[in-house]
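The values are calculated or read from the model by the stated rules, or taken from the named source; none is laboratory data. If you're wondering where the values come from, they're calculated on a predicted model, not measured in any experiment. Heads up, the Cβs are rebuilt from the backbone with ideal geometry, glycines too, and the neighbour counts pull from every protein chain shown. Each accessible area value is taken on the protein alone, full model and side chains, heavy atoms only, with ligands, DNA and RNA left out. Shrake-Rupley method; radii C 1.70, N 1.55, O 1.52, S 1.80 Å.
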Amino acid sequence: MRVLVISDIHSNITALEAVLDAALPYDTVWCLGDLVGYGPDPNECIELVRSLPDLLCLIGNHDQAALDMIPLSRFNRDAGEVAAWTQQILTEDNKEYLRSLASKISLDQFTLAHGSPNQPVWEYILDTHSADRSFAAFNTYYCLVGHSHLPLIFYRPPDIDITAKKYIEWNRAMDLLPRMILNPGSVGQPRDRDPRASFAILDIEANTWEMKRVDYDIQQVQERILDAGLPERQAIRLAAGW
Ligand code: ZN
């Protein structure tokens, strides 16, 4: 079974469509949350995600903000402004869908959480220190997370008390080894200075993980951000990947 693993779409339908195309063939999709926020296409993104085959989908902090489940004061000014706009523009049906999503799921040897297994919605796993804490908080071999918008892999062999950050080899299927924390990067707002949309292919039978990037029409999204009256900074950052 080939699983397309995506995260942090952030209302960017153009990037999402490019990923769904580039990732073919896949049998199922696991989405690690933050379907909305920052970008101009919240309803379109939710509707496309909902239509994906055999989908597993989590709620992220921006999805919760769009539902008014967390105060916008917890966000920076731009993110708060877009969250308020998203609250206005989301259909009731799409809000209902976001409300139905879990913040953490365990499935066979995989734990899925938007941020971390400790605090599924808010905590960032950015370094070996936060990864260490997270390894203690799940029992499966692997944990898949998003939230940081950074493609990352942390590895902690079962008998060794050391967590290491693994170098990412793009377009190369890597053997999964117990235990790992894996972040596929962000579809709609990458922050590793590479503006291309990021995703991963998990092959359950082969037990491999492959990280990939795909170009998309960034200018088109920037125009929609400005047309919607959303903060200009959110358009600028897409082209620079931060
Ligand atoms: Zn996010």
In whole Hz, with x marking every Gly and Pro, tabulate ³J(HN,Hα) for region 183-188 from phi via Karplus 6.51 cos²θ - 1.76 cosθ + 1.60, θ = phi - 60°. 10, x, x, 10, 6, x
Working from the pairwise distances between different alpha carbons, so that the mean of 1/r is found and then inverted, what is region 1-126's Kirkwood radius in Å? 14.7 Å
Below 8 Å between Cα atoms, with a sequence gap of 6+, how large is the relative contact order for region 2-240 in percent? 23 percent
With +1 on each Lys and Arg Cβ and -1 on each Asp and Glu Cβ, and nothing else charged, work out how big the dipole of the chain is about its Cα centre, in Debye to the nearest 20. 660 debye
For peptides 42-52, 26-36, 130-140, sequence by mean Cβ density within 10 Å, most packed first: 26-36, 42-52, 130-140
Considering only C-alpha atoms, what is the centroid distance from region 37-102 to region 199-234, in Å? 16 Å
Could you work out the equivalent-ellipsoid semi-axes for the chain, taking the square root of 5 times each eigenvalue of the Cα gyration tensor, largest first, in whole Å? 28, 19, 17
Assuming R0 = 22 Å, what is the FRET efficiency of ILE204 and MET69, from their Cβ-Cβ distance, to the nearest 0.05? 0.10
By how many nm would the segment from ARG193 to LEU177 lengthen if fully extended, with 0.36 nm per residue of separation less the alpha-carbon distance? 3.0 nm
Starting from the Cα of ASP215, step 7 Å along the direction of its Cβ; do the same at ASP108; then give the gap between the two resulting points in nm. 3.6 nm
Could you give the length gained on full extension between ASN118 and ALA239, defined as 0.36 nm per residue of separation minus the Cα-Cα distance, in nm? 40.3 nm
Counting only protein heavy atoms and leaving out ligands, DNA and RNA, the solvent-accessible surface of GLU205 at a 1.4 Å probe, in Å² to the nearest 10, equals 130 Å²
At a 1.4 Å probe radius, carbon and sulfur cover how many percent of the accessible area of region 83-242? 48 percent
Taking only protein heavy atoms into account and a 1.4 Å probe, give the accessible area per residue of region 2-240 in Å². 42 Å²
Expected field for MET1, accessible surface area in Å² at 1.4 Å probe radius, rounded to 10, holds 80 Å²
